[in-house]
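What follows is one structure encoded as structure tokens, with my remarks underneath.
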Amino acid sequence: MTVSEQKHHLLIVDDEAELVSSLRRGIAHSLKHVSVDGRTDPEDALRLVREQRFDLLITDVRMPRLNGLELLLAARRQWPALPFIVMTGFPADFPRQSAEGHGLVSYIEKPFELPSIVSMIDGVLRKQVDGGFSGDVILESIPDLVQLFSLSNLTGALRIRNAGDTGVVWFDRGAVVHATTTQRQGAEAFYAILGWDSGDFDMERGAVSPTLSIHESPTALVIEGMRRLDEAQRASARSGGPTRRGSLRSFAAPTENAYDRALAPLRSVEGYLGSALVDSQTASCVAHHGQGVLAAWSSRAALHGDVVRSHDRAISGTEVASELDDIVCAFSSQYHLYRPVPGRSNWFVLLVVDRARANLGLARMATNNVARQINGQ
């Protein structure tokens with residue numbers, strides 16, 4: 001048996017009409033006691049949410065005019081306890097909430113199979129929420145907020161109030177760039193905020209950080225914050241102190257997705273420094289590996305996307321009829337190889353190698369093989 005006999009009303013929002021139609025048919029067929037509505041315009045979906053009550057809203061992250069986070073915030077002002085499933089084709093390496101968690105936001109990574117989302121819907125509709133953050137959105141913990149901001153690629157400020165203290169986390173195109181509390185600044189302030197287990201918050205879209213104090217990726221920040229929290233809890237347990245509610249241990253370690261695995265063969269290339277799969281249209285990183293030049297992907301993916309887009313514009317008026325194989329940028333110490341993914345508009349594989357050690361011909365062959373493998377997934 002899946003959901004209860006009570007009729008549940010779901011809303012699916014995605015700017016891909018074919019996906020919305022397919023999900024509506026599949027979910028309605030699999031879950032007999034669920035009615036499914038769908039919209040391709042997020043603003044139209046928000047008007048519908050304000051007019052009637054839904055038991056669950058399933059939405060894409062990045063959509064025109066109104067993205068998934070903004071839709072979530074606006075819908076929660078109307079229905080504070082409305083559960084969400086966020087569909088994303090732009091995975092972040094965040095610790096993900098387990099299927100048994102009690103938050104009101106769940107994530108599923110595109111592409112997914114119908115049984116996967118049906119099972120998630122069934123679990124969400126059964127879920128009983130107890131506590132958490134309140135305000136525009138009720139969430140289980142701060143990492144939920146950080147992940148939503150990052151996936152939405154937003155610039156702005158997240159202001160959080162907790163037991164007499166106030167914290168602010170600033171984002172620049174999804175990257176955490178600065179944080180403050182009453183007594184802390186920078187990464188230490190972010191770690192302090194991450195450990196808060198109750199409070200309320202609001203967000204200011206477009207707010208620009210007064211300074212740049214954090215250079216780590218959101219993934220690294222959250223993992224380090226979790227490590228610190230676990231250490232503090234173990235120390236408290238050894239001393240006989242109370243164990244704090246809201247442990248982040250309900251978040252699993254980052255898992256490698258299919259695109260991460262597709263990039264793996266590039267790591268054996270002589271002189272390898274890093275690799276990534278990038279969407280040049282949205283300036284987002286789909287998967288990446290390596291340090292140095294590939295760090296802080298939330299902002300640097302846009303720069304690499306500019307390289308590909310500029311090349312496209314440069315050759316658009318020429319008479320060259322053949323397809324682009326790759327782009328090679330030679331620096332004094334590195335080669336950057338950009339290989340378009342066949343059949344995946346705007347996607348490209350980036351390989352960064354040490355110029356002194358790399359065999360450029362073999363590196364080009366490796367990126368070609370990986371791009372073709374990704375096209376076949």
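Here, each number is a calculation from the coordinates, and none is a lab measurement. Source: prediction; values computed, not measured. So basically every Cβ, Gly included, is an ideal-geometry build from the backbone, and we count neighbours across all protein chains shown.
What the table below lists for this structure:
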{"read-out": "Within the range 341-358, backbone nitrogen closer than 13 Å to the virtual label 7 Å beyond the Cα of residue 327 toward Cβ", "value": "341, 346-351"}
{"read-out": "Linear extension gain, residue 28 paired with residue 47, 0.36 nm per residue minus alpha-carbon span", "value": "4.6 nm"}
{"read-out": "Computed lengthening from residue 208 to residue 7, 0.36 nm per intervening residue step minus Cα-Cα distance", "value": "67.9 nm"}
{"read-out": "Order by protection proxy (mean Cβ within 10 Å, highest first), peptides 20-27, 182-189, 56-63", "value": "56-63, 20-27, 182-189"}
